[in-house]
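The values are calculated or read from the model by the stated rules, or taken from the named source; none is laboratory data. Here the structure is a predicted model, which means the values were calculated and not measured. Reconstructed Cβ throughout: ideal geometry from the backbone, glycine too, with neighbour counts over all protein chains shown.
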Amino acid sequence: MNRHIRFLAAALATVFGIAGAADRAWPADLGPYGTAPAYSALAPSPCLQYQRAYADALHSMRQTARLFRSQERRFHRLKRVRDNDGFAGPDIALNALMSAEQIDVAVKTTEVAMLVEHARRLDCPSAARLNEIDNEASRIHREVADAAIWIDPLTFR
C-alpha cells in the first residue's frame, strides 16, 4: 500500500511539474501562435458589448457615407454626359449601387438607435454621450438614406 501511495505521489508530482529541479514552469510550445493578449474567463459587461456594437455600426455608417458622397459626385458627372438609353448606362448602374448603400445606412441607423436605447436602460455611458451617438447616426441617415438621387428628365425623352 505504501508503495502505491509513493507511486501516486510521484505521478502527481510529474504531472504538476513539482518533481525535480523545475522551480519555474516551461512555456507551452504554441508554434507560430502566441498567447492571447488579454484573456478573461468572465464575459464582458453588457455596457461594453453595446459600446462595441454601436461603435462598429457607426464606423460602418461613416465608411458607407464617405463612399456614397464620392459616388454621388461621380453620378452627377455621368448624368451630364447622358451616356445611357434610359435602361442601361454607367449612371444607372451607379444609381443601383447608391440605392443599396442608402438601404445599408438606413438599417445601420435603426441598429444604432436600438443599441443606444438598450444602453440608456442600463445607464451605461452618460446620457449626453448617447445623445451624441444617436444624433450622429441621424445626421448620416439624413445625408445618405434620405438623399434624393437626381434624375434628369431629358434623359428619358
* Could you please let me know if ALA88 is at pLDDT below 80, surrounded by fewer than 15 Cβ atoms within 10 Å (Cβ to Cβ), out of contact with any strand residue (DSSP E or B) (no Cβ under 8 Å at 6 or more places or on another chain) and not β-branched (Val, Ile, Thr)? => yes
* **Long-range neighbours under 9 Å by Cβ, at least six apart or interchain, first residue surrounded by 11 or more Cβ atoms within 10 Å (Cβ to Cβ) and among the hydrophobic types (A, V, I, L, M, F, W, C) within the stretch 66-83, second modelled with pLDDT under 75 and not in a helix (DSSP H, G or I)** => PHE75/ILE149; PHE75/TRP150; LEU78/ASN84; LEU78/GLY89
* To do: Determine whether ILE133 is modelled with pLDDT under 90 and closer than 24 Å to PHE68 by Cα.
  => no
* Asked: Among the residues of the stretch 108-128, which ones are among the basic types (Lys, Arg) and under 19 Å from the mean Cα position of the chain (by Cα)?
  -> LYS108
